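Following: one structure in structure tokens, then a few remarks.
We did not get these values from a lab; they are worked out from the coordinates using the rules stated. Bear in mind that the values here come from a model prediction, so they are computed numbers and not experimental data. When we count neighbours, we look across all protein chains shown, and the Cβ atoms used for this are built from the backbone with ideal geometry, even at glycine.
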Amino acid sequence: MFFLYAPMLVLVIYSFNESKLVTVWGGFSPKWYGELFRDQQILDAVWTSLKVAFFASTMAVVLGTMAAFVMTRFKRSWGKITLSNMITAPLVMPEVITGLSLLLLFIHMADLFGWPKERGLMTVWIAPSTFCASYVAVVVSARPLLRLSRGVIRLFIRRKVRSKPSLSSLRVMPISADSSQNYRPSLCPVALRSSPLSH
């Protein structure tokens, strides 16, 4: 597993490089972190990313858990098979196709219903929620956390806590697993926007 984390370790070490060139070690210095915290645009971008990650992961857990409950609770039927295929489709589709589909969806919705009036933070929040919910649904349905008893849905963890994913950990999993590679579906819904994501 070390080879997976080695590039990140090298990146952290070279972030303290005093030289502007990555290939030249100019000595240990934290000055670039000072420059980072003085750049207001970078700080605004980080804050926007954190807001999108928080709301998208929360929505993904809610939608994914509900979908997993439907897949695990109801008997095998054409409706269940169709729902399962729709949920797992974003996991195997190219991210460019997903992003362009969402962009076209938002454009047609704006023409038909007048919403969204513009593509901004709201559409960027909705976009990752759609395919991150697939991660949650697959994990929860594969390792059931839901049980229906006397008409009330109860969350439970069998055996050991570490052997089953909790809902709080599911909020982190889809974002960390998906944001590193599937950034296109998040950016495509604002592809035609010229102004920054201020709202």
Hey, how many Å between the Cα centroid of region 75-148 and the Cα centroid of region 1-67? 27 Å
DSSP loop (so not H, G, I, E, B), at most 15 other Cβ within 10 Å: list which trypsin sites (Lys or Arg not before Pro) in region 50-151 pass both filters. Lys75, Arg76, Lys117, Arg150
Could you give each residue of region 9-14 its phi-based ³J(HN,Hα) in whole Hz, using Karplus coefficients 6.51, -1.76, 1.60 with θ = phi - 60°, and x for Gly or Pro? 5, 4, 4, 5, 4, 6
Counting every C-alpha pair in region 1-126, the percent lying more than 25 Å apart is 56 percent
Using the basic label-point model (7 angstrom from Cα toward the beta carbon), what is the Ser77 to Met93 distance in nanometres? 2.5 nm
Each residue of region 63-77 in order: what ³J(HN,Hα) in whole Hz does its phi give by Karplus 6.51 cos²θ - 1.76 cosθ + 1.60, θ = phi - 60°, with x for Gly and Pro? 5, x, 5, 5, 5, 5, 4, 5, 5, 8, 7, 7, 6, 5, 7
Subtracting the Cα-Cα distance of Leu4 and Met109 from 0.36 nm times their residue separation yields 33.6 nm
When a/c reaches 1.5 or more, the comparison of a/b and b/c decides; with that in mind, is region 1-55 rounded, prolate or oblate per its Cα gyration tensor? oblate
Fully extended, how many nm does the chain gain between Thr23 and Asp44 (0.36 nm per residue separation, minus their Cα-Cα distance)? 4.7 nm
Using θ = phi - 60° and the Karplus relation 6.51 cos²θ - 1.76 cosθ + 1.60, list the HN-Hα couplings for region 135-141 in order, rounded to whole Hz, with x at every Gly or Pro. 4, 5, 4, 5, 5, 5, 6
